[in-house]
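Colleague: Mind looking over this structure? Questions follow.
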Protein chains: 2
Amino acid sequence: MKKRDTKRSNLPKNHPRYESLKYRHEIIEGMHNLVVAEAGLIAHGRGECFDYILGEKTNEVAEKAIKAAVAALLLAEKPVISVNGNTAALVPRELVKLSKVVNALLEINLFYKKKGRVKAIKKVLEKAGATDIRGTSKKEMVEIEGLESNRRFCDSIIDADLIMVPLEDGDRTEALKKIDKKVITVDLNPVSRTSIWADITIVDNIIRAIPKMILIAEELKEFTQEQLTQIVAEFNNKKNIQDALELIKNYIEQQKKDAFKILNNH
Amino acid sequence: MKKRDTKRSNLPKNHPRYESLKYRHEIIEGMHNLVVAEAGLIAHGRGECFDYILGEKTNEVAEKAIKAAVAALLLAEKPVISVNGNTAALVPRELVKLSKVVNALLEINLFYKKKGRVKAIKKVLEKAGATDIRGTSKKEMVEIEGLESNRRFCDSIIDADLIMVPLEDGDRTEALKKIDKKVITVDLNPVSRTSIWADITIVDNIIRAIPKMILIAEELKEFTQEQLTQIVAEFNNKKNIQDALELIKNYIEQQKKDAFKILNNH
C-alpha cells in the first residue's frame, strides 16, 4: 500500500472546504484501491471547478432536470444506471439506493481498463448493498457500434430503453444516442459533448444530485403514468442548459463585485 | 513501477485535445516519479476547467499582467521563483530559462511532504539546466510567521523582495503579503485567494504564460529602470482580474449560442 499524501482524519469538520476536501479524499483513496483511474483524479478536479462557478449548490435549474430525469426513469421499461470509477468512489450507497427506488439495473462501464478495476468496483457496490451488478463478465457483453474505446462493451445497456450515464465521455453518449437510446446524464460541465447530446442533463455535483433524485423518486412514485409523461414532455433540455450557463454568468458577475472584499477584512 | 493507465504514445498529434492530454500525461507521470502530489492531479483538473472557460489561449488581459510581472522581476533586487510539483512537471525547462533571463533564484516549496519529493523535483530542475536550487536543505530554512502548512519553510524567499508563486495556495500568498513581500502569481482561477492577494496576477495557463514571459523578458531587458517602473505603475491588478472575469462571461455567453451546433452536423 502506498503512503498517503493526505489524511482525512486531520481535517476539522468546520474547515470552510470540508465537504470538498472530504470527497477529494474519497477520490484519492479510490485510486489507491483501483476503483478510480489516475485520470479520474484530473476529471474530479475539473468537476470541482465547474461546481465552484455554479456556486456549489443544487440550483433550481438542476432541480428541474432532476425531476424530469426521475420521471423518465420511472416511466422507462428497462432503465440502466451506468457506473464508472468516480461515481463508485463518491456515491456508492446512493447509486444502489436510486437503482432500487426506480427499479434500474446497475452496470459497470469503464473507460480505463486495468486488471482488477471491475472487481474492485463490484466489491464497492456490493458493500453498498447491490445484489445484481451487470458489466462484470466480458463473455456476456456485446459491442456498441461506432465506438472505439473500452466503453463500447455493453451488457444490459444494449437492451435498455433508457440509460443514465453520470460523468460520461462524449463519445459514448453520442454512440448511445445514435442507437436510439434515451440518455440521462449528471455532468457539471453544461456544454460537454455528453451534456449537449443527452436527452436530460443534470448540471450538478453527483454528490448532491443522486440523494436529491432518491428523494424526488419517493415522491414521484405516487404519480400516474400521465403525470410522469407530462413532466418529461414539459422539460426542455436545451433551454435548461442555457439557463445553467446564465447562472454561471451571474455567479461570475457577482465575483466581480465581491472577490476583493476579503482584502478589506485584513 | 506502477502500470500506467494512459499511454502518451497512443495519442495522435491531430487529436483535438492533444495539447491538453499531453500535459495531463506529464502530470500523471510526475505522480509516478514523486514530483507531483496525488492532490496535484485534482488541482490540475481544476486548472483545465478554468482554462477551458478562458478559451484556452493567452488573452490580452493575461498579456498585460505578464508584461507587468516581467518588468517587476527585472526591477527586483532579490527575486525568487517558487517551484512546486506541478510546475516542475509541466514546465521545468521554461522555469529554469526564465530564472536565468530575469536573474531570479529557484526555490522548491511544497505543500505536501513526502519522502523523496524534494529530491525528485531537484533532479527534474537539474536535468532542465538549473545549477543553483534553493529550498532543498531543511537546516538552512526559516519559518514564515502565520502559516501552519509545510509551505512555511523558506530558504532564499525570506530575504527576497519579490516572489513569483505560480499555482500557489491562498494561505501562503496571504502570509507572504503580511510580511511585505511583493507577490506575482500565475493562477487560472481569477478569484482564488492567491489571485486576489497577489500584486500581479497572471490569469493564464502556466504552459503558455512562462514561455511568453521569457519572450517579453528578452524584450524588456533593453528598457530603462524608468520605463520598467512605469509599466509596473500603470498596471492595476484589481481591474485586470475583473477584465479576466468579463472574458469568462463573454465566453459563457458565446457557449449559449454555439454549444448546440455540434448536433446539427449529425
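The values are calculated or read from the model by the stated rules, or taken from the named source; none is laboratory data. All values reported here derive from a predicted model rather than from experimental measurement. In this analysis, Cβ positions are derived from the backbone assuming ideal geometry, glycine residues included, and neighbour counts consider all displayed protein chains. All accessible areas refer to the heavy atoms of the entire protein, side chains included, with ligands and DNA or RNA removed. Shrake-Rupley method; radii C 1.70, N 1.55, O 1.52, S 1.80 Å.
Colleague: Condition (residue is of a type outside the set (Asp, Glu) and surrounded by fewer than 19 Cβ atoms within 10 Å (Cβ to Cβ)) applied to the stretch B:195-206: is it met by at least one residue?
Modeller: For the stretch B:195-206, residues of a type outside the set (Asp, Glu) and surrounded by fewer than 19 Cβ atoms within 10 Å (Cβ to Cβ): absent.
Colleague: Now for a different question. Could you say whether any residue in the stretch A:101-120 is under 17 Å from A:Val165 (Cα atoms) and among the small types (Gly, Ala, Ser)?
Modeller: For the stretch A:101-120, residues under 17 Å from A:Val165 (Cα atoms) and among the small types (Gly, Ala, Ser): present.
Colleague: For the stretch B:220-227, does any single residue satisfy the condition of being closer than 30 Å to B:Gly85 by Cα and open to solvent by less than 50 Å² (accessible area, probe 1.4 Å)?
Modeller: yes
Colleague: Something else about it: Hey, could you check the stretch B:75-85 for residues that are buried (at least 22 other Cβ atoms within 10 Å of the Cβ) and under 30 Å from B:Asn236 (Cβ atoms) and say which is nearest to the other protein chains (Cβ to nearest Cβ)?
Modeller: This residue is B:Asn84.
Colleague: Could you say which residue among B:Ala88, B:Ala39, B:Ala62, B:Ala69 is assigned to a helix (DSSP H, G or I), open to solvent by less than 20 Å² (accessible area, probe 1.4 Å), within 13 Å of another protein chain (Cβ to nearest Cβ) and touching a residue at least 40 places away in the same chain (Cβ under 8 Å)?
Modeller: When all the criteria are applied, what remains is B:Ala39.
Colleague: Only one residue in B:Asn236, B:Asn264, B:Asn205 is more than 9 Å from chain A (Cβ to nearest Cβ) and in contact (Cβ under 8 Å) with a residue 40 or more places away in the chain. Which one?
Modeller: B:Asn205
Colleague: A further question on this structure: Name the single residue, out of those in the stretch A:141-167 being touching a Ser or Thr at 6+ places or on another chain (Cβ under 9 Å) and open to solvent by 20 Å² or more (accessible area, probe 1.4 Å), that is nearest to the other protein chains (Cβ to nearest Cβ).
Modeller: If we take residues in the stretch A:141-167 being touching a Ser or Thr at 6+ places or on another chain (Cβ under 9 Å) and open to solvent by 20 Å² or more (accessible area, probe 1.4 Å), then A:Leu167 is nearest to the other protein chains (Cβ to nearest Cβ).
Colleague: Applying the selection to the stretch B:50-59, what residues are part of a helix (DSSP H, G or I) and either more than 14 Å from every other protein chain (Cβ to nearest Cβ) or open to solvent by less than 20 Å² (accessible area, probe 1.4 Å) (or both)?
Modeller: Result: B:Phe50, B:Asp51, B:Ile53.
Colleague: Another question, then. Exactly one of (1) surrounded by fewer than 16 Cβ atoms within 10 Å (Cβ to Cβ); (2) away from chain A (no Cβ under 14 Å) is unmet by B:Ile214. Its number?
Modeller: (1)
Colleague: Do we have A:Arg93 as open to solvent by 50 Å² or more (accessible area, probe 1.4 Å), within 14 Å of chain B (Cβ to nearest Cβ) and in a helix (DSSP H, G or I) here?
Modeller: Taking the combined requirement at face value, the residue does not satisfy it.
Colleague: Inspect all residues belonging to the stretch A:108-115 and state whether any of them is modelled with pLDDT of 95 or more, open to solvent by 20 Å² or more (accessible area, probe 1.4 Å) and at negative phi.
Modeller: The answer is no, given that none of the residues of the stretch A:108-115 is modelled with pLDDT of 95 or more, open to solvent by 20 Å² or more (accessible area, probe 1.4 Å) and at negative phi.
Colleague: Another question about this same structure. Would you point out the residue of the stretch B:171-185, among those that are within 17 Å of the chain's Cα centre (by Cα) and open to solvent by 10 Å² or more (accessible area, probe 1.4 Å), that is nearest to B:Ile42 (Cα to Cα)?
Modeller: B:Asp171
Colleague: Just checking, how many residues over the stretch B:78-97 are in contact with a Pro (Cβ under 9 Å, 6 or more places away or on another chain) and either of a type outside the set (Gly, Ala, Ser) or modelled with pLDDT under 95 (or both)?
Modeller: Total satisfying the criteria: 9.
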